[in-house]
Amino acid sequence: MENILKKWGIYQFPGAQPSMAMEDKHNLKDDREFQPLLVFGPPTIFPIFEAQNSHNYRFLKAYSSQVPLHQFLTEQKVDPSSIQAILCNPVQKVSADAIRLLPSLRIIVTTSAGTDHIDLVECSRHSIQVASTAGDHAGDVADMAVGLLLDVVCKISAADRHVRKRGPSMPLNLSFGFKLKGKRVGIVGLGKIGTAVAERLEAFGCSMMYNSRKEKAFISYPFYSNVVELAGDSDVLVLCCSLNEETRHIVNREVMLALGKDGFIVNVGRGGLIDEKELMQCLMEGEIGGAGLDVFENEPIVPTDLFSLDNVVLSPHNSSFTSDLFHESCKLAAETLQVFFSSSS
Ligand SMILES: O=CC(=O)O
């Protein structure tokens, strides 16, 4: 797990360390007097949450353990049936096995909007509530989508690397970027994030079209029920939809070939929306123009072949991790758990 944390980086926020007062308060009580809260994989958000809530919970940090869950709980001397709540985010899966191990589990709180890391079928089998406390994240994710697009189209990161490598005199031999104005943008998933992306890109003079589960009333952008056709009419595809069995690999080789050699893909949804092996091939063979990727199919693993490609901009599933949103999300998670525990005691 340490490697995972290193790979994704740990965010440090002022105030993320528990205050002395909180620690003292905590130390006065025996750990067993605190409500156990099993914490799955939010290494980024968790320090803030812990600092603000250390007086309420005994945190069982499964994300920092290398061993299977049952062994972790045994090592912590925790009875699995004492656990009613899990706090998680997409970094670590909440599998059916984990859920089955916890007979009293009643709620899973995820700080993400997406819930594809949680086995929802198993949750519904056991009547476990799943609460998303992502907060108002659409604008933050849309900012990142536009940032990735501008970066890859205007070659900002590539130019930055070029300048640093070349040194102080102005390098002139970098290949040209492109205009964003006039690009035809196909948005896959016109929900809150997709709509926020469209609003932003309209200001850049792009024209919008979209694919969604169904055509939306009162939206004037052309609707495409078929993603290959959408790609064929687009210069850019921006993926903003959630990952489920219908959308897994919604962008496959056929879609990428339809998008074409000058086409760009931005993915701020989930890695599994794109067939990543095919994406690598298409990027390396020049079948598409470039990609801006915030998410990957097998996170936290990022295919290393991408590192040498100048037409790719990478970000570590970072789009909704603005500092403002972190605090909002922590607050919502704390409130949700508080309501849950106060109504279940
Ligand atoms: O990926 C982030 C989220 O689902 O909120």
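Observations on the structure shown:
- Exposed-loop-free span, longest in the chain, where GluC sites (Glu not before Pro) count as exposed if DSSP calls them loop and at most 16 other C-beta atoms lie within 10 Å: 1-214
- Rounded accessible area of residue 160 (nearest 10 Å², 1.4 Å probe): 70 Å²
- Segment residue 129-residue 344, extension gain: residue separation times 0.36 nm, minus the distance between their alpha carbons: 76.1 nm
- Largest to smallest in accessible area, the residues 305, 262, 235 fall in the order 262, 305, 235 (1.4 Å probe, all protein chains included).
- The chain shape via C-alpha gyration tensor axes, a/c threshold 1.5: prolate
- For region 138-314, with all protein chains in place and a probe radius of 1.4 Å, 53% of the accessible heavy-atom surface sits on carbon or sulfur.
- The value of relative contact order for region 279-319, using C-alpha pairs under 8 Å at least six residues apart, is 47 percent.
- Point-to-point label distance, residue 322-residue 298, nm (Cα→Cβ direction, 7 Å offset): 3.4 nm
- Histogrammed with a bin width of 10 Å, the alpha carbon distances of region 138-314 distribute as 10, 40, 35, 11, 2, 0 percent, first bin at zero.
- When each of 77/331; 93/214; 93/277; 155/183; 165/261 is checked by Cα-Cα distance, pairs over 19 Å: 77/331; 93/214; 93/277; 165/261
- Average Cα contact separation per residue, the chain, under 8 Å, 6 or more apart, as relative contact order %: 14 percent
- Residues of region 110-138 with an amide N closer than 15 Å to a point placed 7 Å from the Cα of residue 192 along the Cα-to-Cβ direction: 110-115, 131-138.
- Among complete DSSP H helices in the chain, those whose alpha-carbon atoms stretch at least 18 Å along the helix's long axis and whose mean Kyte-Doolittle hydropathy reaches 0.5 are 138-154.
- Residues in region 239-255 reached by a label modelled at residue 184 [backbone nitrogen below 20 Å; 7 Å Cα→Cβ]: 239-240, 251-255
- Of the residues 123, 295, 99, the one whose Cα sits farthest toward the positive end of the charge dipole of the chain, with +1 on the Cβ of Lys and Arg and -1 on the Cβ of Asp and Glu, is 295.
- Counted by Cβ distance under 12 Å from residue 131, the other residues give a net charge of 0, where Lys and Arg count +1 and Asp and Glu count -1.
- Under the simplified labelling scheme, the residue 242-residue 66 pair shows an inter-label distance of 3.6 nm, with each label point 7 Å from Cα along Cα→Cβ.
- Ordered from highest to lowest accessible area with the whole protein assembly present and a 1.4 Å probe, 216, 165 read as 165, 216.
- Structure-based [θ]222 nm, the chain - -39500 (n - 2.57) summed over DSSP H runs of at least 4, per residue, nearest 500: -10500 deg cm²/dmol
- Using a Förster distance of 45 Å, the FRET efficiency for residue 97-residue 305 (Cβ separation, nearest 0.05): 0.90
- Rounded accessible area per residue of the chain, 1.4 Å, Å²: 50 Å²
- Here each label is just a point 7 Å from Cα along the line to Cβ, and for residue 75 and residue 35 those points are 2.7 nm apart.
The values are calculated or read from the model by the stated rules, or taken from the named source; none is laboratory data. Owing to the predicted nature of the structure, the values given are computational and were not obtained by experimental measurement. Neighbour counts run over all protein chains shown; Cβ positions are idealised from the backbone, glycine included. For accessibility, only protein heavy atoms count, side chains too; no ligands or nucleic acids. Shrake-Rupley method; radii C 1.70, N 1.55, O 1.52, S 1.80 Å.
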